[in-house]
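**Q** There's a structure below that I have some questions on.
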Amino acid sequence: MTPDNQLDLRSQHPNFQLFLDINENESERVRKNYLCDLDVKYGESPLQTLDIFPSNSPNSPILLFIHGGYWRALDKRSYSFVAEPFVKNNITTCIVNYRLIPTVDMKTVLNDIEASIRWIQKEAAKYNGNSNKIILCGHSAGGHLALMTYLMNEHLRPNIHAICSLSGIFDLAPIKGSYLNKVLQLNQDDVENYSVSNKDLSNLKCPVLLSVGSNETNFFIEESKKLYTENRLKAPIIYYEYLELNHYQIAHKLGQEDSYLVSFILEKIKKDHNKE
């Protein structure tokens, strides 16, 4: 199997539309059943927006979810379902959009994520959030953006209490060498500057969960497994493989209260609360 085949997920999972429909239907249900403030602007671009699901309790932790789509596609509206288990547990949840490549470059995408966090911190109290208690979570390209945002922004680190990366992409070199680069136009500087895999992960001071599904392509499994293996002795990293789940299905676990992914985040928040 060539790298291109491993990255072309729709050809690997011909029933991909079934999983995307679940995203849409569940997200519509959550928007109808929970208080939310949609398309809130954190910048001037139409894609610099957030969907915010406030906690019912003041001074609650804040979870920021970053969607995937190879940095060039998809939209926050398909991921409202992520909010349900967290809002039920008094966590303000924000689903973020960001400008997409090729309209902007990778640096600008990362700047958007930082800008969204800064905006959330400034406006946190309005949405019952605590600006000093942030959890970053992302799927696929979003998993990359979550980790890189932490590593690139030292001023944000004290306020980020956990990171959850689902099916993340951490080495940009294979992406640069694939069919995806016709759109992404990554150069060698991008690979060196924005790959997680070549960074000093001893800078990670908060728990990080790397999770993949056993039915994903080897590329995605090895991305998380290798990052964990190479850094587990110098950073608080956990690796968790979901049996029989593919790249699309694992995202659904973040919307299920009884899942390991949600439990990881809730347990971290509980420990932080007990320390206070």
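Readers should treat all values here as calculations from the given coordinates under stated rules, not as data from a laboratory. A quick note: this is a predicted structure, and the numbers were derived from the prediction, not measured. Positions of Cβ are generated from backbone atoms using ideal geometry, with glycine treated the same way; all protein chains shown enter the neighbour counts.
**Q** Tell me, rounded to the nearest percent, the portion of alpha carbon pairs in region 103-221 spaced more than 24 Å apart.
**A** Within region 103-221, distances greater than 24 Å cover 29 percent of Cα pairs.
**Q** Given labels modelled 7 Å from the Cα in the Cβ direction, how far is it in nm from Met152 to Gln188?
**A** Going from the Met152 label point to the Gln188 one covers 2.1 nm.
**Q** Assuming R0 = 22 Å, what is the FRET efficiency of Val104 and Tyr179, from their Cβ-Cβ distance, to the nearest 0.05?
**A** Result of the calculation: an efficiency of 0.60.
**Q** Tell me, what does the Kirkwood hydrodynamic radius of region 176-275 come to in angstroms if you use every pair of distinct C-alpha atoms?
**A** Evaluated on region 176-275, it is 15.6 Å.
**Q** Ranking request for peptides 10-20, 161-171, 92-102, 190-200: highest mean number of other beta-carbon atoms within 10 Å first, then the rest in descending order.
**A** So the order, starting with the most tightly packed, is 161-171, 92-102, 190-200, 10-20.
**Q** Right, another one. Lysines near Lys271 by alpha-carbon distance under 27 Å, same-chain residues fewer than 8 away left out - which ones?
**A** Within the straight-line cut-off, Lys271 pairs with Lys88, Lys122, Lys126, Lys133, Lys205, Lys225, Lys234, Lys253.
**Q** Counting only DSSP beta bridges with both residues in region 6-158, what percent are antiparallel, rounded to the nearest 5?
**A** Once the DSSP bridges in region 6-158 are tallied, antiparallel ones form about 40 percent.
**Q** What net charge do the residues around Ala83 carry, taking every other residue with its C-beta under 13 Å from that of Ala83, with Lys and Arg at +1 and Asp and Glu at -1?
**A** My count for the surroundings of Ala83 gives 0.
**Q** Can you tell me how much longer the chain between Asn159 and Ser202 gets when fully stretched, taken as 0.36 nm per residue apart minus their C-alpha distance, in nm with one decimal?
**A** 13.8 nm
**Q** Based on the Kirkwood radius over alpha-carbon pairs, what value in µm²/s does the Stokes-Einstein equation return for the translational diffusion coefficient of the chain at 25 °C and 0.890 mPa s?
**A** Translational D for this selection: 133 µm²/s.
**Q** Go ahead and collect, in residue order, the members of region 79-114 whose backbone nitrogen is under 17 Å from a label point 7 Å along the Cα-Cβ direction of Leu35.
**A** Hits in region 79-114 for Leu35 at 17 Å: 83-95.
**Q** Follow-up. Of the peptides 209-218, 235-244, how do they stack up when ordered by the mean number of other Cβ atoms within 10 Å, highest first?
**A** Working: 209-218: 20.8, 235-244: 14.9.
Answer by packing, highest mean first, reads 209-218, 235-244.
**Q** Which percent of Cα pairs goes in each bin when the distances of region 21-123 are cut into 10 angstrom slices starting at zero?
**A** 16, 48, 30, 5
**Q** Could you work out the relative contact order of region 134-240? I mean the mean sequence separation of Cα pairs under 8 Å and 6+ apart, divided by the number of residues, in percent. Please report the intermediate quantities before stating the final value.
**A** Numbers: 176 pairs, mean separation 29.7, N = 107.
So the answer I get is 28 percent.
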